[in-house]
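The values are calculated or read from the model by the stated rules, or taken from the named source; none is laboratory data. The structure presented is a predicted model; accordingly, all values stated were derived computationally and were not measured. Cβ placement follows ideal geometry from the backbone for every residue including glycine, while neighbour counts extend to all protein chains displayed. Ligands, DNA and RNA are stripped out before the accessible areas are found, and what is left, the full protein with its side chains, is counted by its heavy atoms. Shrake-Rupley method; radii C 1.70, N 1.55, O 1.52, S 1.80 Å.
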Amino acid sequence: MSRGIRLELSAVLVALEDRGTHAVPQVLLAPGPDLPNRAFDPDEHRTLELSLRDWVSRDTGLHLAHVEQLYTFGDRAREAVLAEGAPHLVSIGYLAIVPMSGVSEPGPNWRPWKQFFPWEDRREGAPPVMQNLMPRLEDWAGQEPSRIDRVSLSFGLRDAGWRDELVLERYELLYEARLVHEYFRDRRRDVPADLPAFGLSLPLDHRRILATGIGRLRAKLKYRPVLFELLSDTFTLFDLQTAAEAVSGQLLHKQNFRRMILQSGLIEPTGGRSTRRGGRPASEYRLAADAGWERRVSPVRFGGARR
């Protein structure tokens, strides 16, 4: 006799914390801790997105800006942490952006996504975790050309170049190489005593869902101005650049970035000046009111402003 299926919605809720000289991308966790999730009730909501927006607003009081569906997650590996005979759990993942103005003081359930993927923030160069991680990946790859290529392409080795949007691909590579704890948990096996915790694990496949959400957000920076959804209604060029650097995990060339943004037609000056960061007052901007549909969906190629 086949078991039933439980359908739930899992939310990757992303916000930026302003720390003055830089911004820190944060993700909201449930008390579990795991990603916030709720069962979908078709009798209460006519669409999946309306359901997600409703329970997030009700449970957290947060206003969501951009919301988009990611993928459906329901691998059999989830059975390892479910009670015997329980319905098979299928999750529909969503990426949801919380504007900076919507999070005044991030509480303990807001966690920097760097804690889960410490190799992803490269604003200060190669992260220290790579010193321990790369030798293990190289041992796994051995002399097999396909594995060597995957490691090089995923982590930007040799002439491959770092591609910030490959968050999920890097996590999947570590999973296959047996370098994340979830690999052993999904098989009901003990984690080897000598295996470091390369990033915090999450229940079920929630770290995979989180990686998917971060990768999607980074990819969208290359062809949609979704970055503005993370900011307050007014911002400085410095605010905009630090937000782009926080999401992409890479530093950007100041002059190139500002020239690109000012020429994009996406922003306009408010006439005000901000002294929030001290020093000389900085001009404030907002998303241009007359930016037509073509401009609102035009590419903002942050990659061209990299250092």
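Couple of notes before you dig in:
- Residue that is farthest from Leu137 (Cα to Cα) [pool: residues in region 179-198 that are in contact with an Asp or Glu (Cβ under 9 Å, 6 or more places away or on another chain) and not aromatic (Phe, Trp, Tyr)]: Asp186
- Filter result (touching a Phe, Trp or Tyr at 6+ places or on another chain (Cβ under 6 Å) and of a type outside the set (Gly, Ala, Ser)) within region 194-206: Leu200, Asp205
- Among residues of region 115-157 being β-branched (Val, Ile, Thr) and in a helix (DSSP H, G or I), the one that is farthest from Leu202 (Cα to Cα) is Ile148.
- Qualifying residue in region 97-114 (condition: open to solvent by 30 Å² or more (accessible area, probe 1.4 Å), at pLDDT 95 or above, in contact with a strand residue (DSSP E or B) (Cβ under 8 Å, 6 or more places away or on another chain) and part of a helix (DSSP H, G or I)): yes
- With respect to the conditions (1) outside any loop (DSSP other than H, G, I, E, B); (2) in contact with a helix residue (DSSP H, G or I) (Cβ under 7 Å, 6 or more places away or on another chain), Arg216 falls short on a single one, namely (2).
- Total residues in region 22-47, condition more than 19 Å from the chain's Cα centre (by Cα) and either closer than 19 Å to Leu204 by Cβ or in contact (Cβ under 8 Å) with a residue 60 or more places away in the chain (or both): 5
- Looking only at region 269-307, and only at residues there that are at pLDDT 85 or above and of a type in the set (Lys, Arg), the one that is farthest from Thr21 (Cα to Cα): Arg286
- On the stretch given as region 250-283, residues that are more than 27 Å from the chain's Cα centre (by Cα), assigned to a loop (DSSP other than H, G, I, E, B) and at positive phi total 2.
- Which listed residue is aliphatic (A, V, I, L, M) and either at pLDDT 95 or above or touching a strand residue (DSSP E or B) at 6+ places or on another chain (Cβ under 8 Å) (or both), from Leu227, Leu166, Leu221: Leu166
- Residue in region 178-185 that is buried (at least 16 other Cβ atoms within 10 Å of the Cβ), in contact with a Gly (Cβ under 9 Å, 6 or more places away or on another chain) and among the β-branched types (Val, Ile, Thr) present: yes
- Total residues in region 174-200 satisfying the condition of being touching a residue at least 40 places away in the same chain (Cβ under 8 Å) and in a loop (DSSP other than H, G, I, E, B): the figure is 9.
- The lone exception for Val191 - which of (1) buried (at least 19 other Cβ atoms within 10 Å of the Cβ); (2) in contact with a Phe, Trp or Tyr (Cβ under 9 Å, 6 or more places away or on another chain); (3) hydrophobic (A, V, I, L, M, F, W, C) it fails: (1)
- When Phe238, Phe228 are checked against the criterion of being in a helix (DSSP H, G or I), open to solvent by 50 Å² or more (accessible area, probe 1.4 Å) and either under 20 Å from Pro33 (Cβ atoms) or not charged (D, E, K, R) (or both), Phe238 stands alone in meeting it.
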